[in-house]
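Chemist: Just passing along the structure, written as structure tokens.
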Amino acid sequence: MASLLNENQPTDPISLLPYKKPTRALPCGHTFNHSSLASLLDNNNGDATLACPVCRKRSHVRDVNEYPRNYGMEQQMDFQQEKEDKIRKEKMDLVIKMKIESNEEKKKLLVKAYGENSSEVTDCIIELGNLYHDIAEYDKAMKCYKEALPRYEKSDDKIADVARTYCKVGAIYERQSEYDKSMEYFEKALPMQVKEFGTEEHVDVGKTYELMGWTCSQLRKDDQAMEYCMKSLKIRLKVLDEGHVDVAESYDIIGVVYAYKAEYDKALEYYNKALDIFINKLGKDHTDVAMSYNNIANVYDSQNKYDEALEYYNKGLDIDINKLGKDHTRVAQTYMNLGKLNEENLHNYKVALEYYQKAKPIYTKSHNGQYDAYFDERIQFCKG
Ligand SMILES: [Zn+2]
């Protein structure tokens, strides 16, 4: 995709293309793309020294992999990428908002032309719901779905759309922690999807089993959760690449369920499978990687392996602070975990105190002071 901020983008002096990772820096400090420097070295006629194409300073030739990467510049590139992603998302949200406006107009016209209860109007309402869903306005999306579903359910030719909408409604309930309701919708959607596709081996069915597994895990129906998660995994391994992030999602939830069942070695096995894929597909600094580290730390914590737990909590924390910001609730959650571990298990009250004091203001803000009394008590205790 073309860069939105092209004019500001520094380019590799050899290829004149934008910098991309990994970069390689010559001793003079001038930095090139790995591939550019590699071809420069290939064309150096076996000389013992190489002239920098920018400043002509000569230095001893090394293997291309031995030139250091310019991590400062690579970090700049990451910032630039994030800035572009943000702009792209804002533009997309704007496009969707404009589509919503025109759909609201369209709906009025359709009501006039075909009547309130026509299938044209129903389709339009579902479309509106999907648009609201895309910009995370879940209450409005839900209102549309609830309005359209009873009409949809009456028409036989809309089975696929109804099933898809059930899944969306279920997923919204799941977000709101209304697990009995979400389960109800997933259970309605599943047989319709299987009938529609003529097989269970379809990505959508894999997704529905994952959602059902997660809902059951939150209801602490562990065995049922495991059954659904395993079905989801089996389908995904069949229809997707084994290194696909969706496969990792399945591994991850299976890890959660094993951890709930206190089968810690199994939990670690699955968490690590998920972690490998996340690192491979999303990069080592992705928030999903941090989430995996946190999950692994929790298991080590439960196994009383405190050194390992500390190591993994800190790995996750570094990424979360960097990517989500130092005041994010997940950062606070890790501070609290580190506080508890230091207080209860290591009896390191001074360190525990520091973590509680860092966690408290973030919790105060995100949970309206609900946890203040808890933190005050822990802080008093650790002060001795
Ligand atoms: Zn140079």
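The values are calculated or read from the model by the stated rules, or taken from the named source; none is laboratory data. Since the model is a prediction, treat every value here as computed from it, not as a measurement. Here the Cβ positions follow ideal geometry from the backbone for every residue, glycine too, while neighbour counts run over all protein chains shown.
Chemist: Just give me the residues in region 329-384 being surrounded by fewer than 20 Cβ atoms within 10 Å (Cβ to Cβ), among the hydroxyl-bearing types (Ser, Thr, Tyr) and in a helix (DSSP H, G or I), in sequence order.
Modeler: 329, 349, 364, 366, 374
Chemist: Of all residues in region 57-83, which are within 13 Å of the ligand (Cβ to nearest atom) and out of contact with any Cys (no Cβ under 9 Å at 6 or more places or on another chain)? Lay out the reasoning, then the answer.
Modeler: At the first step, the residues of region 57-83 found to be within 13 Å of the ligand (Cβ to nearest atom) are 57-59, 67, 70.
Scanning region 57-83 gives 67, 70.
Chemist: Being closer than 25 Å to residue 251 by Cβ, touching a helix residue (DSSP H, G or I) at 6+ places or on another chain (Cβ under 8 Å), modelled with pLDDT of 90 or more and not in a helix (DSSP H, G or I), is that true of even one residue in region 201-218?
Modeler: So in region 201-218, the residues closer than 25 Å to residue 251 by Cβ come out as 201-218.
From the residues that got through so far, the ones that are touching a helix residue (DSSP H, G or I) at 6+ places or on another chain (Cβ under 8 Å) too are 201-218.
Checking which are modelled with pLDDT of 90 or more leaves us with 201-218.
Filter once more, keeping what is not in a helix (DSSP H, G or I): 201-202.
Within region 201-218, one or more residues are closer than 25 Å to residue 251 by Cβ, touching a helix residue (DSSP H, G or I) at 6+ places or on another chain (Cβ under 8 Å), modelled with pLDDT of 90 or more and not in a helix (DSSP H, G or I).
Chemist: If you go through region 105-131 one residue at a time, how many are outside any helix (DSSP H, G or I) and farther than 14 Å from residue 147 by Cα?
Modeler: Restricting attention to region 105-131, the residues satisfying the condition of being outside any helix (DSSP H, G or I) are 115-118.
Subsequent filtering for residues that are farther than 14 Å from residue 147 by Cα retains 115.
Within region 105-131, residues that are outside any helix (DSSP H, G or I) and farther than 14 Å from residue 147 by Cα number 1.
Chemist: Follow-up question, since we're still on this one. Can you say whether residue 285 is at pLDDT below 95 and over 15 Å from the mean Cα position of the chain (by Cα), as far as the supplied structure shows? Please lay out each step first, then the result.
Modeler: Values: at pLDDT below 95: yes; over 15 Å from the mean Cα position of the chain (by Cα): no.
Judged against the criteria, residue 285 is not a match.
Chemist: What single numbered condition from (1) assigned to a strand (DSSP E or B); (2) near the ligand (Cβ under 10 Å from one of its atoms) fails to hold for residue 24?
Modeler: (2)
Chemist: Further question on the same structure: For region 174-184, does any single residue satisfy the condition of being assigned to a loop (DSSP other than H, G, I, E, B), on the phi < 0 side of the Ramachandran plot and either within 22 Å of the chain's Cα centre (by Cα) or surrounded by fewer than 17 Cβ atoms within 10 Å (Cβ to Cβ) (or both)?
Modeler: Initially, region 174-184 is screened for residues assigned to a loop (DSSP other than H, G, I, E, B), giving 176-178.
Filter once more, so that each one left must be on the phi < 0 side of the Ramachandran plot: 176, 178.
Add one more test, that the residue is either within 22 Å of the chain's Cα centre (by Cα) or surrounded by fewer than 17 Cβ atoms within 10 Å (Cβ to Cβ) (or both), and what stays is 176, 178.
So far as region 174-184 goes, yes, one or more of its residues are assigned to a loop (DSSP other than H, G, I, E, B), on the phi < 0 side of the Ramachandran plot and either within 22 Å of the chain's Cα centre (by Cα) or surrounded by fewer than 17 Cβ atoms within 10 Å (Cβ to Cβ) (or both).
Chemist: Provide a single number: the residues in region 27-56 that are of a type outside the set (A, V, I, L, M) and either touching a Leu at 6+ places or on another chain (Cβ under 9 Å) or within 10 Å of the ligand (Cβ to nearest atom) (or both). Please lay out each step first, then the result.
Modeler: Residues of region 27-56 of a type outside the set (A, V, I, L, M): 27-36, 39, 42-47, 49, 52-53, 55-56.
Within this subset, residues satisfying the condition of being either touching a Leu at 6+ places or on another chain (Cβ under 9 Å) or within 10 Å of the ligand (Cβ to nearest atom) (or both) are 27-33, 36, 44, 52-53, 55-56.
Residues meeting the conditions: 13.
Chemist: Give region 172-220 a look and list any residue that's over 17 Å from residue 232 (Cα atoms), of a type in the set (Asp, Glu) and in contact (Cβ under 8 Å) with a residue 24 or more places away in the chain, or say none.
Modeler: 174, 180, 196
Chemist: Now for a separate question. Could you please tell me which pairs satisfy a Cβ distance under 9 Å, a separation of 6+ or placement on different chains, a first residue in region 51-76 that is small (Gly, Ala, Ser), and a second residue that is more than 9 Å from the ligand (Cβ to nearest atom)?
Modeler: 51/44; 51/58; 59/49; 59/50
Chemist: Tell me yes or no: at least one residue of region 97-104 is at pLDDT 90 or above, polar (S, T, N, Q) and part of a helix (DSSP H, G or I). I'd like the intermediate steps shown before the answer.
Modeler: Taking region 97-104 and keeping what is at pLDDT 90 or above, we get 97-104.
Filter once more, keeping what is polar (S, T, N, Q): 102-103.
Those still in the list that are part of a helix (DSSP H, G or I) too: 102-103.
Yes, that holds for at least one residue.
Chemist: Within region 1-21, count every residue that is among the β-branched types (Val, Ile, Thr) and either away from the ligand (no atom under 13 Å from the Cβ) or at pLDDT 95 or above (or both).
Modeler: 1
Chemist: Taking region 263-282 as the search range and keeping residues that are exposed (fewer than 15 other Cβ atoms within 10 Å of the Cβ) and modelled with pLDDT under 95, which one is nearest to residue 204 (Cα to Cα)?
Modeler: Among those that are exposed (fewer than 15 other Cβ atoms within 10 Å of the Cβ) and modelled with pLDDT under 95, it is 282.
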